[in-house]
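Notes follow the structure.
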Amino acid sequence: MTVYFHLYKNQEREYVIQLLYKLCKHHGIQRTYDADAADAVFVSMNDITLIKHLREASKFGKPVVCGGFASIFPVTKIYADYVVQGEAYNFMYQFARIKKVADIIEIQNVATHTKPAVVDEYIDYALNPIVKVSPRGYYLYCGKGCNIKCSYCQLSHSRTAAQSCEIGVVYDAVNLVHNHSNGKGRLFTMMSHSPWDFGNSITKYLARMNITIPTYNSSDINWRGEEIKCGMEFATEEFRAKFAKPISTSDIATFVQKSKNNNNTVTMYMIAGLETQTQHNQLMDSFGLDDNISPRIHLKYSYIDPQPYTPFADFDVRKKIPLDVKEVFAYVNKKNKRVRTVPIKYIAHSTWRTIMQRAKTHEQANFAYDLRNEKDNEKILRRCEAEHPILLGNKSVNDLLKISRHNYNSGLRFENIRLY
Ligand code: SF4
């Protein structure tokens, strides 16, 4: 088999593409930069915004095979001929052995508009490359899934449980990076949630990925001068405990003080849309008083993204509550100068993401796609009500509060077996 990768600008440098290239080489799949010479066109989608890119792939007149994090959304089966669900290790092995592209349908984690498939969870860690992504940064794919299972998180709900490579793989990779970079390189262990506590032994050679606030608070690691990324997500303790990570007001106070003592610049991710302006403003009181402007705490808000296969899947997007982030900043700035807010993307964009991710038919998909540049949220809602009300969802926040995130049945089927 010979394949053409239809990539957007700079995508070739991404870890996933480098991994797929390695799997091609390992299993004997030819790659070509000439689409006419290919048996199939491969598209890797890591976000719904790449739907335009996927639609374009049909212009080559070859079967389009779509994979990647966002390939699980029903709409990909409308614009791709075949969709690879989950990991690619078994798929690439089997794809290399089929006689004609149509035989791809026999592969267990390949879905089409009419054929359901399982999500393949098998990761062959021995095949994962270490990829240099910046002058000092090196990536290694170390695991998938997350047992916290935040209610809105498709990543955790599209896997059964967290899995990771052996810790020795990380030690070996650190040694390689160290030798390759004369001690200057740092390894990013790509995974949703790290199960390891390395202490101070090799942490100076690891780049910081996201960490939870309680983990940071209780950690003995020397964090001096590091940049910290963490999720606060919701304004109230109730929503944090129910939908995400349980973080108390005193956890926040400890975190603010410790990050100041350690001179850590912080990026904190927040979810808007479920709580009121007053609740978001009141959260700012938890940061306490501080006249110093550094080390900075950047609050990065985005509107709730109720993705398919998560407990939030059917949230009614008409019930989203707009947030004025400038007002949050004005409120906090009177008390704590360390806290800064990053502008939030307009609410219509999040509504568009939702309806695109929910589309299941050609008509729904084309309807949603045509609204991709609409900046008026009300207009999108009214158009949906008139033409495709099913895209709006029907659950309130109170309904969501009743759904157990740990026992949630997404309807997905999983397999985790090495097939080669
Ligand atoms: S902590 Fe929550 S949001 Fe982050 S990967 Fe785990 S389940 Fe998803």
Per the chain, cysteines lacking a partner by the 4.7 Å Cβ criterion: Cys24, Cys66, Cys142, Cys146, Cys165, Cys230, Cys384
Order of His406, His193 under a 10 Å beta carbon neighbour criterion, fewest first: His406, His193
The chain: most fluctuating residue of Pro116, Pro214, Pro135 per GNM, C-alpha cutoff 10 Å: Pro135
Cα gyration tensor shape of the range 2-121, rounded if a/c is under 1.5, else prolate or oblate by comparing a/b with b/c: rounded
Selection from Asn333, Val43, Gln279 lying farthest towards where the dipole of the chain points positive, charges on Cβ: Asn333
Considering only the range 123-209, percent of DSSP beta bridges that pair antiparallel, nearest 5: 45
Cα gyration tensor shape for the chain, rounded if a/c is under 1.5, else prolate or oblate: oblate
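So how do 7-14, 239-246, 201-208, 33-40 stack up, highest first, on mean other-Cβ count within 10 Å?
Put in order of decreasing packing, that is 239-246, 201-208, 33-40, 7-14.
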Gyration tensor (alpha-carbon) shape descriptor, the range 223-402, a/c threshold 1.5: prolate
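Quick one: which of Lys326/Lys375; Lys100/Lys149; Lys375/Lys402 span more than 28 angstrom between C-alpha atoms?
Cα-Cα > 28 Å for Lys100/Lys149; Lys375/Lys402; rest within.
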For the chain, share of DSSP beta bridges that run antiparallel, in % to the nearest 5: 15
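Please arrange Glu87, Glu327 by how many other C-beta atoms lie within 10 Å of their C-beta, fewest to most. The partial results should precede the final answer.
Values: Glu87 22, Glu327 13.
By the 10 Å Cβ count, ascending: Glu327, Glu87.
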Over 19 Å (Cα to Cα) - which of Lys132/Lys204; Lys242/Lys300; Lys260/Lys337; Lys229/Lys300; Lys345/Lys379 fall in this group: Lys242/Lys300
Relative exposure of Tyr171, Tyr369, Tyr141, judged by other C-beta atoms within 10 Å (fewest first): Tyr171, Tyr369, Tyr141
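So what's the back-of-envelope 222 nm ellipticity for the chain, counting only DSSP H runs of four-plus at -39500 (n - 2.57) apiece and dividing by all residues, rounded to 500?
-8500 deg cm²/dmol
Readers should treat all values here as calculations from the given coordinates under stated rules, not as data from a laboratory. From a predicted model like this one, the values you see are computed outputs, not experimental measurements. Note that we place each Cβ from the backbone using ideal geometry, even for glycine, and neighbour counts take in every protein chain shown.
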